[in-house]
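Please read the structure below before turning to the comments.
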Amino acid sequence: MSFSFPSVPRNFRLLEELERGEKGIGDGTVSYGMDDGDDIYMRSWTGTIIGPHNSVHEGRIYQLKLFCDKDYPEKPPSVRFHSRVNMTCVNHETGVVEPKKFGILANWQREYTMEDILTQLKKEMAAPHNRKLVQPPEGTYF
Amino acid sequence: MANSNLPRRIIKETQRLLSEPAPGISASPSEENMRYFNVMILGPSQSPYEGGVFKLELFLPEEYPMAAPKVRFLTKIYHPNIDKLGRICLDILKDKWSPALQIRTVLLSIQALLSAPNPDDPLSENIAKHWKTNETEAVETAKEWTRLYASGA
């Protein structure tokens, strides 16, 4: 890999993501924010996805937890659903999004953001192998 | 390598920061990324931050010097113009930035901000309110936080 430019260090990168999240993203169907406003290292985040049209997820609101460790964004955050969901890339017991089954985490690059993860998960919900799966009752949690 | 095409201006500034540091300020680039600096500022005397050692981080974005450096406190500090994440409300870091300014001037301005908190242009509403309604007590809290979080341990 070649970098034409030295990369933005972790903390400043997360501050950028925080500010972007605070402004609001696109049509608002994905969003995220920091869990603990006192955590100077900005590790723990909550993401929200509104289920896409033309799928069983339509109109449902899903909450996720994203954890950005010290090695973010060299390494992806760990991602797990808090709201119960039935998707092929999500562990049925824990809600963890399994990196091996989810491209953006498996082939992570440091330019990717939490917004990208949430947007990809939303797309994944509408993919043929997910959009018709029977879902747990709304408002239940892992 | 990431640092191979570091602009001459940044190299010059860095050399001068290391060879002639401003009193009470130290800044050294990280080994992996020469645009990322570890910074220490000593709390100015006669200020509530006196005796404190404050850690900051500074990053020179790609557009520097056309864009301002990014700086924040890593040490917790009770100050109306600094928020819980250490972000600093200072005009030269935003709309008053000019490429004639340098890393040194930025750090000196931050040091000056510690001597002269400005509760009329706050970043932390609660702290600013505290400052305006009961300055003596707010200053006491700032001293207390300096002892608790900035004792240099």
Note to self: Give me the extension gain from B:Asn38 to B:Lys76: residue separation times 0.36 nm, minus the current Cα-Cα distance, reported in nm with one decimal.
What the structure shows: 12.1 nm
Notebook entry, point to check: Hey, what angle do you get for helix A:10-23 against the long axis of chain A, alpha-carbon based, 0 to 90 degrees rounded to 10?
Noted result: 50
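If I take all pairs of Cα atoms in the stretch B:23-153, what percentage of them are more than 24 Å from each other?
Values: 2226 of 8515 pairs.
For the stretch B:23-153, the fraction of Cα-Cα distances above 24 Å is 26 percent.
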Notebook entry, point to check: Can you tell which of B:Gly24, B:Phe73, B:Leu101 lies farthest toward the positive end of the dipole of chain B, using +1 and -1 charges on the Cβ of basic and acidic side chains (Lys, Arg; Asp, Glu)?
Noted result: B:Leu101
Notebook entry, point to check: How high is the FRET efficiency from A:Ser78 to B:Ala116, r the C-beta distance, R0 35 Å, rounded to 0.05?
Noted result: 0.20
Notebook entry, point to check: Just going by the charge dipole of chain B, with Lys and Arg at +1 and Asp and Glu at -1 on Cβ, which of B:Tyr49, B:Thr14, B:Pro119 is farthest out on the positive end?
Noted result: B:Thr14
Next item on the list: Give the accessible surface of chain B per residue, rounded to a whole number of Å², with probe radius 1.4 Å and ligands, DNA and RNA excluded.
Entry: 52
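With 22 Å as the cut-off, how large is the P(r) tail for the stretch A:1-136, expressed as percent of Cα-Cα pairs?
On the way: 3341 of 9180 pairs.
Across the stretch A:1-136, Cα pairs with separations above 22 Å total 36 percent.
Please state the charge dipole magnitude for the protein assembly as shown, taken about the Cα centre, from unit charges on C-beta atoms (+1 on K and R, -1 on D and E), reported in debye and rounded to the nearest 20. Write down the numbers at each step before the final one.
Details: 36 positive and 38 negative charges, 129 e Å.
Result for the protein assembly as shown is approximately 620 debye, rounded to the nearest 20.
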Notebook entry, point to check: If contacts are Cα pairs under 8 angstrom and at least 6 residues apart, what is the relative contact order of chain B in percent?
Noted result: 22
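What do you get for GluC sites (Glu not before Pro) in the stretch B:6-73 restricted to DSSP loop and a cutoff of at most 16 other Cβ within 10 Å of the site's Cβ? Could you put the intermediate results ahead of the total?
On the way: sites: B:Glu13, B:Glu31, B:Glu32, B:Glu50, B:Glu57, B:Glu62, B:Glu63; in loops: B:Glu31, B:Glu32, B:Glu50, B:Glu62, B:Glu63.
Here the sparse-neighbourhood loop sites are B:Glu31, B:Glu32, B:Glu50, B:Glu62, B:Glu63.
Just to be sure I follow the definition: excluding the sites themselves, where is the longest run in chain A that has none of the GluC sites (Glu not before Pro) in a DSSP loop with at most 10 other Cβ atoms within 10 Å? Before the final figure, lay out the partial values.
Details: sites that count: A:Glu93, A:Glu111.
After excluding every exposed loop site, the longest remaining stretch is A:1-92.
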Check: For the modelled label position 7 Å from the Cα of B:Thr133 along Cα-to-Cβ, which residues of the stretch B:108-126 have backbone nitrogen atoms closer than 15 Å?
Finding: B:125-126
Next item on the list: At a Cα cut-off below 18 Å, give the lysines reachable from B:Lys94, other chains included and same-chain residues fewer than 8 away excluded.
Entry: A:Lys23, B:Lys70
Next item on the list: Quick one: among A:Gly21, A:Gly103, A:Gly37, which has the greatest mean-square fluctuation in a GNM of chain A with alpha-carbon springs under 10 angstrom?
Entry: A:Gly37
Note to self: With a cut-off of 8 Å between alpha carbons and a minimum separation of six or more residues, what is the relative contact order of the stretch A:27-124 in percent?
What the structure shows: 22
Note to self: Let me see the P(r) profile for the protein assembly as shown: every Cα-Cα distance counted, bins of 5 Å, each bin given as a percent of all pairs.
What the structure shows: 1, 5, 10, 14, 14, 13, 11, 10, 8, 7, 5, 2, 1, 0
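Percent of Cα-Cα pairs more than 17 Å apart in the stretch B:55-113, please. All intermediate terms of the calculation are to be shown ahead of the outcome.
Numbers: 553 of 1711 pairs.
So the portion of pairs separated by more than 17 Å is 32 percent.
Which residues make up the longest stretch of chain B clear of trypsin sites (Lys or Arg not before Pro) that lie in a DSSP loop with no more than 11 other Cβ atoms within 10 Å, not counting the sites?
On the way: sites that count: B:Lys94, B:Lys96.
It runs B:1-93.
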Notebook entry, point to check: Taking Cα atoms, how many degrees apart are the long axis of helix A:114-125 and the longest axis of chain A, rounded to 10 and kept between 0 and 90?
Noted result: 20
Notebook entry, point to check: What total accessible area, in Å², is buried where chains A and B meet, using a 1.4 Å probe and rounding to the nearest 100?
Noted result: 1700
Note to self: Taking all protein chains in place and a 1.4 Å probe, what share, in percent, of the accessible surface of chain A do carbon and sulfur account for?
What the structure shows: 50
Notebook entry, point to check: Can you give me the relative contact order of the stretch A:1-76 as a percent, contacts being Cα pairs under 8 Å and 6 or more apart?
Noted result: 23
Checklist line | Shielding score for A:7-16, defined as the mean number of other chain Cβ atoms within 10 Å | finding: 5
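The values are calculated or read from the model by the stated rules, or taken from the named source; none is laboratory data. This is a predicted model, so every value here is computed, not measured. Ideal geometry is used to build each Cβ from the backbone, glycine not excepted, and the neighbour counts take in all protein chains shown. SASA here: full protein model, heavy atoms, side chains in, ligands and nucleic acids out. Shrake-Rupley method; radii C 1.70, N 1.55, O 1.52, S 1.80 Å.
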